[in-house]
Structure formats: structure tokens, C-alpha cells
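Values quoted throughout were computed directly from the atomic coordinates according to the rules given, and no laboratory measurement underlies them. Given the structure is predicted, the values throughout are model-derived calculations rather than measurements. As a convention, Cβ positions derive from the backbone with ideal geometry for all residues, glycine included, and neighbour counts pool all protein chains shown.
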Amino acid sequence: MKFFAAALGLAAALVPQVAAHYRWTSLIVNGTTTTAYQYVKPNTNINSPVTVVSSSDMTCNAGASSAPGIAWVQAGTSVGFALDTPIYHPGPINVYMAKVPTGQTAATFTGTGSVWFKVAELGAITDGGSTIKWPADNLSSFTFTIPSKLVAGDYLVRIEHIALHTASAYGGAQFYISCGQIHVFGTGTSSPSSSSLVAIPGVYTGYEPGLLIYIWFPAPATYTQPGPAVWS
Ligand SMILES: *[C@@H]1O[C@H](CO)[C@@H](O)[C@H](O)[C@H]1NC(C)=O
Ligand SMILES: *[C@@H]1O[C@H](CO)[C@@H](O)[C@H](O)[C@H]1NC(C)=O
Ligand SMILES: [Cu+2]
């Protein structure tokens, strides 16, 4: 019995590590953290990462479906995503947006096609080989600015944290993904040109130096952020 109880205790101690993977559950708009999955597309992926870069799960996570709301956001203001659990794996963050095609809304659009452009990123701090630091460590939210020149309309906004602790083998990078549904309003008139747009899946092969990388000792001398440059 005593052994059984100890084994249960051990199991209980191990469970939170598995169960507590972080998820981007809420949009932050006008400085307020909104209700979980009110504007963020729900998914059927309890809290596991996506690891197959060619999978359609890369777009908005596995089993993504419509959220009930579309958040109105003024161009040039700050938007963010809040997590249910702080980030505890090392790696970068990317945020992409996609303009919703005519005839669809941010709720119905699934993000297919060459429609995505990068609007924000958070990489690594390196010092030529002694240390590598990840500013995303322990974050419980990430905010960025909607470009003020961006033309009004419905958009998807997609965030990913890429965990690199096991990324030295192909397929070892883990993607923690969510998509938010927003409507941008304002006086902007610009859109990214087609050469700034990527498809997701498609944007990564998995062989990028920022995805297939050994991050432990000795530390990488530099870090190359995966994906296109931030649109500006
Ligand atoms: C944010 O504030 C603007 C007013 O500046 C408002 O129109 C919009 O509905 C607000 N968005 C949310 C999601 O509350
Ligand atoms: C994150 O939290 C852990 C555990 O509290 C701590 O050891 C670590 O130094 C923190 N990292 C940063 C970058 O603050
Ligand atoms: Cu993990």
C-alpha cells in the first residue's frame, strides 16, 4: 500500500508537467484580456504542440474552428495574446496576420493560401557563443502593434511560440499556435505586396537554421529567426 501511495504521489507530481503546456487562449484588446476563446479560434489539440511543419494543423492548430466573436481593433494600437500557463520552453515567438478574402469573415476563414505576413517577432539574445537567452521565457502574454497603415478589414492574427529544447533532430521543434479573429478599423490604405505573403503551412521546411538547431552547450553564436522579415 505504501509503495502504491508513493507511486500515486510520483504520478501526481509528474502529471502537471505534461498537463500544463501553455496555450494562447485569449486576445488582449484595448488593454483588456478578453474571455478565453471568445475571439481566439478553439481547437481540439488539448495542449500538445504541432511538430509537422507541412501539416494543416500549422495554420491555426489542430481542429481549429470558429470563435464566437470578432474583436474590433484600431490600426496602430496594441493587441496581444494571453496564455493559460507561462511559457517554460526556450524559443522564439512569431506573429502573422492574414487579410480575410472577400465573401468570408474572420470567423469563417481558415487561413488557407498565400495570405500571411509577419507583424512581430521575439527572438534570442546571443553573445557570440557563451550564452543564449530567450526573452519569451516565462511570459504569460505577448503584445504587438497592428501596423497603423494597414487597410481596414477582417483579419486573422496568428501567434506561435516555437519550443527548441529538442530541436537538434529534424521535427523536434514544437509549435504552440493560436489564431485570433479581428476587424481592423482606421484610415490605413496599405497592404503587403504578394512577395511579402507566405502560406502556412509552407512557410517552414523544418530545415531552417532557427528551427533545426542545438541550443544547449556550447551555445549557438547567433540565432536566425525563422520566417520572413516583419512587414514594415
Ligand atoms: C476597442 O476600442 C474601440 C474604441 O476605440 C472599440 O470600437 C472596440 O470595439 C474595442 N474593442 C473591443 C474588443 O472591445
Ligand atoms: C523563468 O523562471 C524560472 C523558474 O522560476 C527561472 O529559473 C528563470 O530564471 C526564469 N527565466 C527568466 C528569463 O526570467
Ligand atoms: Cu513540453
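Just to be sure I understand the model, the point goes 7 Å from the Cα along the line to the Cβ. What's the resulting Ser65 to Tyr214 distance in nm?
4.4
When Val198, Val157 are ordered from fewest to most other Cβ atoms inside 10 Å of their Cβ, what list results?
Val198, Val157
Roughly how big is region 36-162's charge dipole about its Cα centre, with Cβ charges of +1 (Lys, Arg) and -1 (Asp, Glu), in debye to the nearest 20?
300
Cut-off is 10 Å between beta-carbons; in what order do Tyr176, Tyr207 appear when sorted fewest neighbours first?
The fewest-first ordering by Cβ neighbours comes to Tyr207, Tyr176.
Give the relative contact order (percent, whole number) for the chain; include only Cα pairs under 8 Å separated by 6+ residues.
Relative CO of the chain lands at 25 percent.
For region 36-166, what mean projected area does the convex hull of the alpha carbons give, in nm²?
9.2
Run lengths n ≥ 4 of DSSP H only: what is the helix-derived mean residue ellipticity at 222 nm for the chain, with -39500 (n - 2.57) per run over all residues, to the nearest 500?
-3000 deg cm²/dmol
What does the charge add up to near Val95, with Lys and Arg as +1, Asp and Glu as -1, over the other residues with Cβ less than 14 Å from its Cβ?
With Lys, Arg at +1 and Asp, Glu at -1, the neighbours total 0.
Give me the log10 of I(q) over I(0) for region 165-204 at q = 0.19, 0.24, 0.33, 0.35 Å⁻¹, as the Debye formula computes it from C-alpha points; what are the numbers?
Here log10 of I(q) over I(0) equals -0.88, -1.04, -1.11, -1.12.
Show me, bin by bin at 10 Å from 0, the whole-percent P(r) of the chain based on Cα pairs.
Reading the bins upward from 0: 8, 32, 35, 17, 6, 2, 0, 0.
Kindly put His165, His89 in sequence by how many other C-beta atoms sit within 10 Å of each C-beta, fewest to most.
So the residues, fewest neighbours to most, are His165, His89.
What FRET efficiency would be calculated for the residue pair Thr110, Phe185, taking the C-beta separation as r and a Förster radius of 25 Å, to the nearest 0.05?
0.60
Applying 1/(1 + (r/R0)^6) with R0 = 25 Å to the Cβ-Cβ distance of Ala152 and Ser232, what FRET efficiency is obtained, to the nearest 0.05?
Efficiency, rounded to the nearest 0.05: 0.85.
Excluding Ala167 itself, calculate the net charge of residues whose Cβ lies under 14 Å from the Cβ of Ala167, where each Lys or Arg counts +1 and each Asp or Glu counts -1.
-2
For region 110-232, list log₁₀ I(q)/I(0) at each q in 0.13, 0.16, 0.17 Å⁻¹, using the Debye formula over Cα point scatterers of equal strength and ignoring solvent, two decimals each.
Relative scattering, expressed as log10 I(q)/I(0), comes to -0.61, -0.88, -0.97.
Would you mind working out the magnitude of the charge dipole of region 118-201 relative to its Cα centre, with +1 at each Lys and Arg C-beta and -1 at each Asp and Glu C-beta, to the nearest 20 Debye?
For region 118-201, the charge dipole is close to 140 debye.
By the scheme Lys and Arg +1, Asp and Glu -1, what is the net charge of all other residues having a beta-carbon under 14 Å from that of Tyr39?
Within the 14 Å Cβ shell, the charges total +1.
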